[in-house]
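Chemist: Shown below is the structure under consideration.
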């Protein structure tokens with residue numbers, strides 16, 4: 001086993017996996033993490049812990065991940081290249097392993113100009129693809145980048161992100177192939193709304209045989225309102241929302257727009273389950289953790305399998 005994690009066991013067994021996501025607070029309040037985590041427990045197989053998402057200072061992903069472990073949940077610790085050089089990355093990974101963290105996501109990270117400290121200097125010593133390769137060598141070759149042997153056993157399931165909707169479209173499967181070549185074990189995609197374009201992407205992925213070399217989790221996010229849908233469509237890079245979905249939300253009865261958004265999401269999940277090469281979903285509720293039980297149940301994803 002690469003990590004011995006529950007997520008790895010479920011993926012290897014061919015179960016349709018559901019991962020969730022949790023954003024730590026802007027401070028050391030552990031109760032915020034515990035409250036969100038309690039809403040997800042029993043409804044997802046692992047929980048992504050974001051790493052200073054959108055370059056805004058928050059509780060460290062390692063600390064928040066340890067809180068989840070103590071609660072009986074399995075974390076996917078995110079790590080961004082923006083804030084750490086290779087020394088800090090490997091040190092943090094050793095520390096995370098000691099604390100029982102066995103899954104991670106290798107990310108480049110949002111540029112600091114988007115966050116609350118735009119004057120901060122970024123690092124980007126290595127990028128996300130180089131990070132994948134670094135972690136794989138640490139795990140499989142028991143060596144650091146410099147070639148020195150690692151003292152003790154290091155286990156980690158290696159994840160990364162993929163945006164099928166970024167331009168140029170033709171390059172998306174090729175960039176995924178680079179991450180597969182570097183040694184990624186699983187992929188979580190950007191939020192999917194344009195199902196036709198995603199199916200085109202997955203056809204290329206399958207034709208290249210990439211789905212046989214890594215597990216692909218399709219990213220989904222419920223649309224809470226017409227305003228949210230229009231904002232994401234116009235202002236969030238890499239998000240494409242078909243006008244027909246926005247019209248559906250707009251046509252919903254007063255007070256039932258959120259319910260319509262969840263209905264759309266559940267329809268998308270059923271459609272995703274039929275696409276060859278999809279091993280599960282990554283459900284990003286975005287401060288809507290309290291609706292996750294309803295979504296997972298309505299989508300017919302209960303009970304969750306045991307490892």
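The values are calculated or read from the model by the stated rules, or taken from the named source; none is laboratory data. Treat the numbers as computed from the prediction; the structure is a model and nothing was measured. For neighbour counting, all protein chains shown are included, and Cβ atoms are generated from backbone atoms with ideal geometry for every residue, glycine included.
Chemist: Listed residues 139, 172; which is closer than 22 Å to residue 47 by Cβ, in contact with a strand residue (DSSP E or B) (Cβ under 8 Å, 6 or more places away or on another chain) and in a helix (DSSP H, G or I)?
Modeler: Selected residue: 139, the only one of 139, 172 that is closer than 22 Å to residue 47 by Cβ, in contact with a strand residue (DSSP E or B) (Cβ under 8 Å, 6 or more places away or on another chain) and in a helix (DSSP H, G or I).
Chemist: Any residue in region 114-124 that is surrounded by 15 or more Cβ atoms within 10 Å (Cβ to Cβ) and touching a strand residue (DSSP E or B) at 6+ places or on another chain (Cβ under 8 Å)?
Modeler: no
Chemist: Of the residues that sit in region 192-209 and are surrounded by fewer than 22 Cβ atoms within 10 Å (Cβ to Cβ) and touching a residue at least 40 places away in the same chain (Cβ under 8 Å), which one is farthest from residue 46 (Cα to Cα)?
Modeler: 197
One line per residue, one yes/no per condition, for (1) surrounded by fewer than 20 Cβ atoms within 10 Å (Cβ to Cβ); (2) under 22 Å from residue 2 (Cβ atoms); (3) without any contact (Cβ under 8 Å) to a residue 40 or more places away in the chain:
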{"residue": "29", "(1), (2), (3)": "yes, no, yes"}
{"residue": "47", "(1), (2), (3)": "no, yes, yes"}
{"residue": "50", "(1), (2), (3)": "no, no, yes"}
{"residue": "55", "(1), (2), (3)": "no, no, no"}
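Chemist: Residues that are farther than 25 Å from residue 149 by Cα and in contact with a strand residue (DSSP E or B) (Cβ under 6 Å, 6 or more places away or on another chain): does region 78-88 have at least one?
Modeler: No, region 78-88 has no match at all.
Chemist: Something else now. Give me a count of the residues in region 142-169 that are out of contact with any strand residue (DSSP E or B) (no Cβ under 7 Å at 6 or more places or on another chain) and under 25 Å from residue 207 (Cα atoms).
Modeler: Number satisfying all stated conditions: 4.
Chemist: Out of region 211-239, which residues are surrounded by 18 or more Cβ atoms within 10 Å (Cβ to Cβ) and in contact (Cβ under 8 Å) with a residue 60 or more places away in the chain?
Modeler: Residues satisfying the conditions are 211, 215, 216, 217, 218, 219, 220, 221, 222, 224, 239.
Chemist: Let me ask something else. Consider region 271-288. How many of its residues are touching a helix residue (DSSP H, G or I) at 6+ places or on another chain (Cβ under 7 Å) and at pLDDT 95 or above?
Modeler: 8
Chemist: Right, residue 17: in contact with a strand residue (DSSP E or B) (Cβ under 8 Å, 6 or more places away or on another chain) and farther than 26 Å from residue 112 by Cα or not?
Modeler: When the stated conditions are applied, residue 17 passes them.
Chemist: Is there a residue in region 253-265 that is crowded, with 21+ Cβ neighbours inside 10 Å, under 19 Å from the mean Cα position of the chain (by Cα) and touching a residue at least 24 places away in the same chain (Cβ under 8 Å)?
Modeler: The answer is yes; a qualifying residue exists.
Chemist: Just name the residue that is nearest to residue 85 (Cα to Cα) out of those in region 134-153 that are in contact with a helix residue (DSSP H, G or I) (Cβ under 8 Å, 6 or more places away or on another chain) and crowded, with 21+ Cβ neighbours inside 10 Å.
Modeler: Here the residue is 134.
Chemist: When region 15-29 is examined, which residues are found to be out of contact with any helix residue (DSSP H, G or I) (no Cβ under 6 Å at 6 or more places or on another chain) and over 14 Å from residue 288 (Cα atoms)?
Modeler: Listed by number, the residues that qualify are 15, 16, 18, 19, 26, 27, 28, 29.
Chemist: Given the options 72, 109, 147, 159, name the one that is under 17 Å from the mean Cα position of the chain (by Cα) and on the phi > 0 side of the Ramachandran plot.
Modeler: 109
Chemist: Residue 66 fails exactly one of the following numbered conditions: (1) without any contact (Cβ under 8 Å) to a residue 40 or more places away in the chain; (2) in a loop (DSSP other than H, G, I, E, B). What is the number of that condition?
Modeler: Every condition holds for residue 66 apart from (2).
Chemist: Also, quick follow-up: Limited to region 267-282, what total is found for residues that are surrounded by fewer than 20 Cβ atoms within 10 Å (Cβ to Cβ) and assigned to a helix (DSSP H, G or I)?
Modeler: Within region 267-282, residues that are surrounded by fewer than 20 Cβ atoms within 10 Å (Cβ to Cβ) and assigned to a helix (DSSP H, G or I) number 4.
Chemist: Among residues belonging to region 28-59 that are under 18 Å from residue 115 (Cβ atoms) and in a helix (DSSP H, G or I), point out the one that is farthest from the chain's Cα centre (by Cα).
Modeler: Here the residue is 55.
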